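Report on the following structure.
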Amino acid sequence: MTAAPATPISRPATASATTPLPHMAQLDGLRAIAAGMVVCYHFWGPARQYVELGGIGVRVFFVLSGFLITGILLRSRAHLDSGQTAAGIALRRFYIRRVLRIFPLYYLALAIAWFGKVSGAREGMLWHATYLSNVHFFLVNAVHPGQWGGHVGHFWSLAVEEQFYLLWPWVILFARRSWLPGIALGMAAVGPIFRFVVFSLTGNDITPVLPLGCVDSLALGAYLAMTVLPEFKSHPLVRPIGATALWSGLLLFGAQQAAGQTHGFGVFRIVSFDLAVALAGVWLVARAAEGMRGLAGRALESAPLRYLGTISYGIYVYHLMLPELLPRIARRFGHPNLFAPLGNLTLPFLLFYGAATIAVAAVSWHLFEGPINRFKARFEYR
């Protein structure tokens, strides 16, 4: 992070009528890329050999969530401070809108996983239904290392997001405004410290699935939201996200990858990964939010990529279940070897299940999520 004067983020896209944040088109493209990283990691063997693409994609999602949710909450805080709304109303509208966006698809996916007997679903259903999948996986991994998750293992990040949504509004709306940048930076520091302490004490290599184990990604996204608002411009702890964040993240990531080639440095690998990706990710989100120019900007604003970003929640939720559900359906209809030619984690496997995931997510968006999402217009933030 540089010490240059803060520069407001420009947002060429139009604002929504029901949210205090303008729609930043390139962030949709970034969501699509993050979702694509996760899908490639889970569906294509070579994507797992060198770089943990799935982990990178999830941390970019976290930075995006921290940035967007904090931006919304800070504007709600401004309405609260100016007397335009009451705290109870602000909280109620925030939670209703989050419930409308998140709960229907998530619980539909849980129902599909239950009736489809997706591995990892039934034995942890109470944990999944209460958004505690991450805690469940951590406890299972402590007893049976590496045997956690099944085909609902990706639900850990959905639990983390929901835990963040549950607590963060109270901080933004009720803590002193001058404390907020310090709180965000303090949370960013808590993540690596928590991973170091818990992993050192337990040896549990999925410590980052716990809420405090990955809070640095969310916190840096939240800090970014503060750096672009004029009311924080003169705050002594607020600096724009510049190239220093990017290069710090890349250098730390390079060190983390180098350590992964050895049999030692286990603690360093666990501690450094999230922070490295979050530092580079927050720079990337900042640039996409203000609008990248050139080829990168045009790519992020392309209609196909933005559409995939729009349905990215469905892509993420459904994708890992399909390689188990579709062959089971084929067997039920008397075609047990229908998907055998795809192999396992091959390029054809990636292409087929990637396309199937997009198709399912698109149908889900247009027939299920979208219509429900439109009810959010009844609960405007203003």
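Compute a Gaussian network model of the chain, connecting alpha carbons closer than 10 Å, and tell me which residue from G182, G57, G221 fluctuates the most.
Top of the fluctuation ranking is G182.
Modelling each spin label as a point 7 Å along the Cα-to-Cβ direction, I'd like the I96/N337 distance in nm, to one decimal.
5.7 nm
From the square roots a ≥ b ≥ c of the eigenvalues of the alpha-carbon gyration tensor of region 122-166, which class results: rounded (a/c under 1.5), prolate (a/b over b/c), or oblate?
Prolate, because a/c is 1.5 or more and a/b exceeds b/c.
Roughly to the nearest percent, how much of the accessible area of the chain is carbon and sulfur, given a 1.4 Å probe?
68 percent
Please compute the per residue accessible area over region 251-305 with all protein chains in place, 1.4 Å probe, rounded to a whole number of Å².
Normalised by residue count, the accessible surface of region 251-305 is 50 Å².
Taking the inverse of the average 1/r across all pairs of different Cα atoms in region 48-113, what Kirkwood radius in Å do you get?
With all distinct Cα pairs of region 48-113 included, I get 14.5 Å.
What accessible area per residue, rounded to a whole number of Å², is obtained for region 18-163 using a probe radius of 1.4 Å?
38 Å²
On a 0 to 90° scale, report how tilted helix 347-364 is relative to the longest principal axis of the chain, with both axes built from alpha carbons and the result rounded to the nearest 10.
Helix 347-364 sits at roughly 60 degrees to that axis.
Classify region 173-314 from the C-alpha gyration tensor, please: rounded if a/c falls under 1.5, else prolate or oblate depending on whether a/b exceeds b/c.
Details: a/c = 1.83, a/b = 1.24, b/c = 1.48.
Taking the square roots of the gyration eigenvalues as a ≥ b ≥ c, region 173-314 is oblate.
Place the peptides 318-328, 231-241 in order of packing, highest mean first, counting for every residue the other Cβ atoms within 10 Å and averaging per peptide.
318-328, 231-241
On a full-extension model of 0.36 nm per residue, what is the gain between R298 and I372, subtracting their alpha-carbon distance, rounded to one decimal in nm?
23.6 nm
Hey, what angle do you get for helix 53-81 against the long axis of the chain, alpha-carbon based, 0 to 90 degrees rounded to 10?
40 degrees
If one takes the longest principal axis of the Cα atoms in the chain, at what angle in degrees, from 0 to 90 and to the nearest 10, does the Cα axis of helix 243-260 lie?
On a 0 to 90 degree scale, this one is about 30.
Tell me what the chain gives for mean residue ellipticity at 222 nm when only DSSP H runs of n ≥ 4 count, each as -39,500 (n - 2.57), the sum divided by the residue total, rounded to 500 deg cm²/dmol.
The helix contribution divided over the chain gives -21500 deg cm²/dmol.
How far, in nm, would the chain grow between K233 and A175 when pulled straight, counting 0.36 nm per residue and subtracting the alpha carbon separation?
19.0 nm
Counting pairs of alpha carbon atoms under 8 Å apart in space and at least six apart in sequence, what relative contact order in percent does the chain give?
31 percent
Give the relative contact order (percent, whole number) for region 300-364; include only Cα pairs under 8 Å separated by 6+ residues.
Once divided by the residue count of region 300-364, the mean separation gives 44 percent.
At R0 = 35 Å, how high is the FRET efficiency between A362 and T130 if r is their beta carbon distance? Nearest 0.05 is fine.
It comes out at approximately 0.75.
So what's the chain giving for Rg/Rh, alpha carbon basis, Kirkwood Rh from the mean inverse pair distance?
Reported Rg/Rh (Cα atoms, Kirkwood Rh): 0.96.
Across every pair of different alpha-carbon atoms, what Kirkwood hydrodynamic radius in Å does region 242-382 reach?
19.1 Å
The values are calculated or read from the model by the stated rules, or taken from the named source; none is laboratory data. What you are looking at is a predicted structure, and each value in this text was computed from that prediction instead of being measured. Positions of Cβ are backbone-derived with ideal geometry, glycine not excepted, and every protein chain shown enters the neighbour counts. All accessible areas refer to the heavy atoms of the entire protein, side chains included, with ligands and DNA or RNA removed. Shrake-Rupley method; radii C 1.70, N 1.55, O 1.52, S 1.80 Å.
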